[in-house]
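Step one of this worksheet: look at the structure below.
Just so it is clear, none of the values below were taken in a lab; they were calculated from the coordinates. Owing to the predicted nature of the structure, the values given are computational and were not obtained by experimental measurement. Glycine gets a Cβ as well: all are built from the backbone with ideal geometry, and neighbour counts include every protein chain shown.
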Amino acid sequence: MTRKFTLAVLIFGLYSAVFAQSWPTRPIRVLVGFAPGGTTDVSARIVSDIVSKELGQSVVIENRPGGAGSIVIETLIRGAADGHTIVIGSDSSFYQPVLRPSLSYRAERDLRPVTILTNQPIVIAVHPAPGWKSIADLLKAARARPGEISYALSSATGTQAVAAGVFLQMAKVKMVGVPYKGGGQAVVDLVSGQVPVAVLGSAPLVPQAKAGRIRLIAVTSRARAKALSDVPTLAELGFPDMDMSQWFGAVAPKGVPDGVVARLSAAFNKALSDPKIVQRLFNTGLDVVGGSPEEMGRRMSVETRIWAKAAKEAGLGEK
């Protein structure tokens with residue numbers, strides 16, 4: 001029995017190695033669970049050319065917004081585990097079952113981490129029309145008009161919604177969250193003045209702020225963002241316990257051979273080490289992360305518990 005088992009393991013390992021060497025045999029589909037223009041989409045598109053060159057196949061980005069990124073993950077785990085389809089998602093995409101246990105996937109059971117691509121600050125931005133130039137101005141207005149001022153979010157249950165909920169509870173003010181299917185859609189309504197405030201990732205906001213169409217008044221991380229060094233943190237502004245940021249990473253479905261995961265990870269890390277890519281990401285407010293599948297897996301395991309606690313404090317989850 002032991003000899004048969006050992007032989008089976010050796011044969012499987014040999015098959016995996018041979019498969020990884022011949023893989024990929026067709027284009028790589030990258031499923032993105034948010035609309036074009038948001039940070040997940042930007043992260044995927046900026047690195048895709050180098051990933052394509054490294055793997056010798058084209059990389060096709062498919063945007064399928066909805067469910068705070070959970071829809072594409074459910075699509076992923078129903079498909080073939082051959083490495084030709086992967087997901088690039090936000091941290092909250094992988095943690096959604098914490099808030100919505102009815103979802104069919106569990107990250108630790110159904111997904112194989114590849115690498116974390118980028119990290120970004122979560123930014124509180126305002127339209128210029130109301131004249132708010134600081135968090136103090138915004139909070140003063142919110143206290144004068146409780147439950148009347150709306151703020152845009154990239155989804156109803158993502159990390160940005162968690163950060164907004166925790167902050168508003170700390171500030172003891174009531175505002176109305178308006179979820180979109182990605183930051184790219186949300187920022188359009190912020191720029192047009194349809195919503196006066198947004199709590200979003202940096203990537204869709206930075207170009208609009210540089211053009212003078214919106215104002216960035218705070219970030220939710222404890223330290224100032226390197227790319228947004230002139231924007232104060234909420235911790236500086238009287239909320240010392242506020243410390244939330246957001247990362248974006250690539251995953252494959254469970255069952256993809258080790259060798260394929262290793263090649264995917266190497267291709268993404270090659271892209272993330274390119275100075276031009278680093279600069280392009282930095283210009284949108286994104287910091288490069290990179291690293292091994294094992295490092296990503298450990299971070300996901302630890303952060304699931306932290307994220308669940310913060311989400312509960314923000315009052316999110318299935319009712």
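Worth pointing out:
- Debye intensity ratio in log₁₀ form over the Cα atoms of the stretch 60-182, taken at each q of 0.16, 0.19, 0.22 Å⁻¹: -0.85, -1.05, -1.29
- For q = 0.13 Å⁻¹, Debye-computed log10 I/I(0) when each Cα of the stretch 121-228 counts as one equal scatterer: -0.40
- Packing-based ranking of 74-87, 119-132 yields 119-132, 74-87, ordered from highest to lowest mean Cβ neighbour count within 10 Å.
- Rounded to the nearest 20 debye, the dipole size of the stretch 245-319 about its Cα centre is 100 debye, using +1 on the Cβ of Lys and Arg and -1 on the Cβ of Asp and Glu.
- By the compact-protein rule of thumb, 2.2 N^0.38 Å, the alpha-carbon radius of gyration of the stretch 46-129 corresponds to a ratio of 1.29.
- For the chain, the alpha carbon convex hull comes to 130 Å³ per residue, rounded to a whole number.
- Taking the C-alpha atoms only, the angle from helix 159-171 to the longest principal axis of the chain is near 30 degrees.
- Share antiparallel - DSSP beta bridges, the stretch 121-228, percent rounded to 5: 60
- Whole-Å distance, taken between Cα centres, linking the stretch 89-112 and the stretch 243-290: 19
- The chain: antiparallel DSSP beta bridges as a percent of all, rounded to 5: 60
- Helix 183-192 axis, angle to the chain major axis (alpha carbon atoms, nearest 10°): 20
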